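Student: Handing you this structure, nothing more for now.
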Amino acid sequence: MNINLRIEHVSRTYEVSGRKVMALQDVSLTVTPGQVVALRGRSGSGKTTLLNCIGGLDRPSNGRIWLGQEEITGLSERRLVQLRRQRIGFVFQSHALLPTYSARENVDLMLRLVKMPRRERLARAVETLQLVGLAKWQDHRPFELSGGQQQRVAIARAIAARPAVILADEPTGELDSATGRQILQLFRQLADEQETAVLIATHDLAVDAFADVVVHLVDGRVHPPKPE
């Protein structure tokens with residue numbers, strides 16, 4: 001069985017005002033190509049911390065994480081930057097689009113970072129916007145788009161470099177319920193058609209209908225914990 005992502009006994013401890021806080025406690029998880037995994041839990045349950053550790057934005061205090069065959073825990077920051085550009089796509093609640101850039105230019109910027117040739121880059125930017133249903137809006141800037149359309153641009157940007165894994169942190173948090181479901185359906189479609197693994201950290205109960213696996217986090221632990 002191919003595995004896009006493997007997390008083994010990951011913990012993350014922070015020191016706050018002189019005391020230790022366990023943000024993650026002994027979390028283990030395996031994600032295969034084309035699988036949609038929902039990470040659900042209250043604020044402070046560890047969802048975002050787990051995504052940050054997977055994406056190399058934070059480092060576990062204990063445990064190991066593999067992306068494909070490469071263990072990412074302990075890699076240099078330079079190599080982590082390469083992985084984030086080439087093999088991991090990020091989607092944030094706030095969209096994080098450049099306001100003066102068009103939808104196509106926002107996607108194109110990601111492809112510049114991976115040094116894709118110009119002709120291929122422009123074609124790929126249009127292709128990904130077509131995948132998310134925004135071909136007609138490719139020349140529009142973020143303020144000319146609805147919240148749902150902006151999130152679709154963010155998803156197009158995340159998938160442009162054909163990553164193995166997409167990490168989405170509360171991607172429907174600022175959207176109405178109908179638009180949120182459309183975004184979740186888009187993640188499901190991308191997983192099925194592109195075989196991209198998708199991890200979605202969310203409070204949205206609607207995600208359960210689109211996910212292959214739902215992981216509940218309580219105080220940094222998977223609940224109920226997996227049997228030994």
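Student: Restricting attention to the stretch 79-98, which residues are polar (S, T, N, Q) and without any contact (Cβ under 8 Å) to a residue 60 or more places away in the chain?
Tutor: If the condition is that a residue be polar (S, T, N, Q) and without any contact (Cβ under 8 Å) to a residue 60 or more places away in the chain, then Q82 is the only one that fits.
Student: Hey, can you tell me all the residues within the stretch 135-156 that are without any contact (Cβ under 8 Å) to a residue 60 or more places away in the chain and closer than 19 Å to F90 by Cα?
Tutor: Selection gives P142, G147, G148, Q149, Q150, R152, V153, A156.
Student: Of everything in the stretch 91-145, what is among the hydroxyl-bearing types (S, T, Y) and exposed (fewer than 12 other Cβ atoms within 10 Å of the Cβ)? Give them in sequence order.
Tutor: T100
Student: Return the pair list, or none, for Cβ contacts closer than 6 Å from residues in the stretch 99-111 that are part of a loop (DSSP other than H, G, I, E, B) to residues that are modelled with pLDDT of 95 or more, at least 6 apart or on different chains.
Tutor: S102/D139; S102/R141
Student: If you don't mind, there's one more thing I want to ask. Of the conditions (1) outside any loop (DSSP other than H, G, I, E, B); (2) within 22 Å of R157 (Cβ to Cβ); (3) of a type in the set (D, E, K, R); (4) in contact (Cβ under 8 Å) with a residue 12 or more places away in the chain, D26 fails just one. Which one is it?
Tutor: So the condition that D26 fails would be (2).
Each row is one residue, and each column tells you yes or no for (1) in a loop (DSSP other than H, G, I, E, B); (2) out of contact with any strand residue (DSSP E or B) (no Cβ under 9 Å at 6 or more places or on another chain); (3) surrounded by 15 or more Cβ atoms within 10 Å (Cβ to Cβ).
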| residue | (1), (2), (3) |
| --- | --- |
| I3 | yes, no, yes |
| Y14 | no, no, no |
| T30 | no, no, yes |
| A38 | no, no, yes |
| C53 | no, no, yes |
| T73 | yes, no, yes |
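Student: Another one. If you go through the stretch 214-223 one residue at a time, do you hit one that is basic (K, R) and under 17 Å from H95 (Cβ atoms)?
Tutor: no
Student: Of the residues in the stretch 144-200, how many are more than 22 Å from E120 (Cβ to Cβ), in contact with a strand residue (DSSP E or B) (Cβ under 8 Å, 6 or more places away or on another chain) and β-branched (V, I, T)?
Tutor: Selection size over the stretch 144-200: 4.
Student: Is at least one residue of the stretch 97-108 of a type in the set (F, W, Y), over 18 Å from the mean Cα position of the chain (by Cα) and at pLDDT 90 or above?
Tutor: yes
Student: Here is a further query. Residues of the stretch 75-97 being part of a loop (DSSP other than H, G, I, E, B) and in contact with a helix residue (DSSP H, G or I) (Cβ under 6 Å, 6 or more places away or on another chain), which ones?
Tutor: Of everything in the stretch 75-97, those that are part of a loop (DSSP other than H, G, I, E, B) and in contact with a helix residue (DSSP H, G or I) (Cβ under 6 Å, 6 or more places away or on another chain) turn out to be H95, L97.
Student: Let me ask something additional. Could you check T172 against (1) buried (at least 23 other Cβ atoms within 10 Å of the Cβ); (2) at pLDDT 90 or above and say which number it fails?
Tutor: (2)
Student: Same structure again: Give the residues of the stretch 144-201 that are over 27 Å from V222 (Cβ atoms) and of a type in the set (K, R), sorted by residue number.
Tutor: Correct list: R152, R157, R162.
The values are calculated or read from the model by the stated rules, or taken from the named source; none is laboratory data. Just so it is clear, the structure is predicted and the values come from calculations on it, not from any experiment. FYI the Cβ positions are ideal-geometry reconstructions off the backbone, even for glycines, and counts take in every protein chain you see.
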